Amino acid sequence: MTEAGHLRVPQWQTGQLAPVAAAREDVEGPVLTGDARRLAERTIAKYPVRRSALVPLLYLVQSEVGWVPRQGMREVAEILGLTTAEVEAVATFYTMLKLHPCGKYVVSICTNPSCALLGGRALYERAKEILGEQCEHITPDGMFTLEEEECLAACDKAPVLAVNYLFYDRVSQELLERMIEGIRAGHVPEAARGGVPGELKDVSRTLAGMGSQTPPQPDTVPAGEGEGGGAPGG
Ligand code: FES
């Protein structure tokens, strides 16, 4: 795990080919135009070397589109004077950069041993049941993407899940059901260590170093069982 986000587990370890296959999905037309292009230039100006802005610019693309299509990678490469292969090598490395269309809320459930022993695997299977068979890509209503996560470094709070990278601790199946219902109804529960996750585009804007565009949500629902929490790696 690094400052930039979770490291993607190599495909040879997971047996999954999804990240590269998904990277072939694309959008038409330019992504970084107008204000986004100006924000890109402002971001680049913060660094002594243009290429150092690579990860923030990929998050900027994600904040515009909701994920990182190849078109966005091509534009970032052109802006920074890199090859698309160099940009793709970075984009495919970090799991917080999404290479396929995602829901507004990415639900990441840890199934590593500490969480699995306390119900993390069952929690993941229950989430799949609730959200439906397409949920590991994007639910039909565009609200959720479910992903199985490696250790979130909060093993003493197992089982742990994150919604758009804010943590919820000791999550029971009942709490999971209430959380999903709440998010669907527009009442996102407060994370265990404070804060209410915004939508993925907004969170990506923050990760790009540009702050949130969404005002704090006044009508939040406490998660109820949490203690401690926060951002990945925190
Ligand atoms: S095993 Fe789940 S947070 Fe470490």
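Which of the following residues is surrounded by fewer than 23 Cβ atoms within 10 Å (Cβ to Cβ), within 16 Å of the ligand (Cβ to nearest atom) and within 15 Å of the chain's Cα centre (by Cα): 150, 136? The match here is 150.
In region 108-132, the residues that are within 10 Å of residue 148 (Cα to Cα) reach residues that are hydroxyl-bearing (Ser, Thr, Tyr) and part of a helix (DSSP H, G or I) with C-beta atoms within less than 9 angstrom, at least six apart or across chains, in these pairs: 109/124; 110/124; 111/124; 120/114. Given the criterion part of a helix (DSSP H, G or I) and more than 29 Å from residue 69 (Cα to Cα), identify the matching residue among 127, 122. Being part of a helix (DSSP H, G or I) and more than 29 Å from residue 69 (Cα to Cα) holds for just one of 127, 122, which is 122.
Residues are listed down the side, and each one gets a yes or a no for (1) assigned by TED's automatic domain parsing to the domain that holds residue 171; (2) within 16 Å of the ligand (Cβ to nearest atom); (3) outside any helix (DSSP H, G or I); (4) aromatic (Phe, Trp, Tyr):
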site: 59; (1), (2), (3), (4): no, no, no, yes
site: 68; (1), (2), (3), (4): no, no, yes, no
site: 72; (1), (2), (3), (4): no, no, no, no
site: 77; (1), (2), (3), (4): no, no, no, no
site: 142; (1), (2), (3), (4): yes, no, yes, no
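Tell me, please, whether a residue that is surrounded by 23 or more Cβ atoms within 10 Å (Cβ to Cβ), under 24 Å from residue 148 (Cα atoms) and in contact (Cβ under 8 Å) with a residue 40 or more places away in the chain can be found in region 69-87. The answer is yes, given that some residue of region 69-87 is surrounded by 23 or more Cβ atoms within 10 Å (Cβ to Cβ), under 24 Å from residue 148 (Cα atoms) and in contact (Cβ under 8 Å) with a residue 40 or more places away in the chain. Does any residue of region 154-168 turn out to be free of Cβ contacts under 8 Å to residues at least 12 places away in the same chain, away from the ligand (no atom under 16 Å from the Cβ) and either touching an Asp or Glu at 6+ places or on another chain (Cβ under 6 Å) or closer than 20 Å to residue 68 by Cα (or both)? Scanning region 154-168 turns up no residue that is free of Cβ contacts under 8 Å to residues at least 12 places away in the same chain, away from the ligand (no atom under 16 Å from the Cβ) and either touching an Asp or Glu at 6+ places or on another chain (Cβ under 6 Å) or closer than 20 Å to residue 68 by Cα (or both).
Restricting region 157-208 to residues that are of a type in the set (D, E, K, R) and in a loop (DSSP other than H, G, I, E, B), the residue that is surrounded by the most Cβ atoms within 10 Å (Cβ to Cβ) is 169. The set of residues in region 49-64 being touching a helix residue (DSSP H, G or I) at 6+ places or on another chain (Cβ under 8 Å) and of a type in the set (Val, Ile, Thr) consists of 55, 61. Residues in region 103-119 that are within 10 Å of the ligand (Cβ to nearest atom) and either assigned to a strand (DSSP E or B) or out of contact with any Gly (no Cβ under 7 Å at 6 or more places or on another chain) (or both): 109, 110, 112, 113, 114, 115, 116, 117, 118.
The values are calculated or read from the model by the stated rules, or taken from the named source; none is laboratory data. A quick note: this is a predicted structure, and the numbers were derived from the prediction, not measured. Virtual Cβ from ideal backbone geometry, glycine too; neighbours counted across all protein chains shown.
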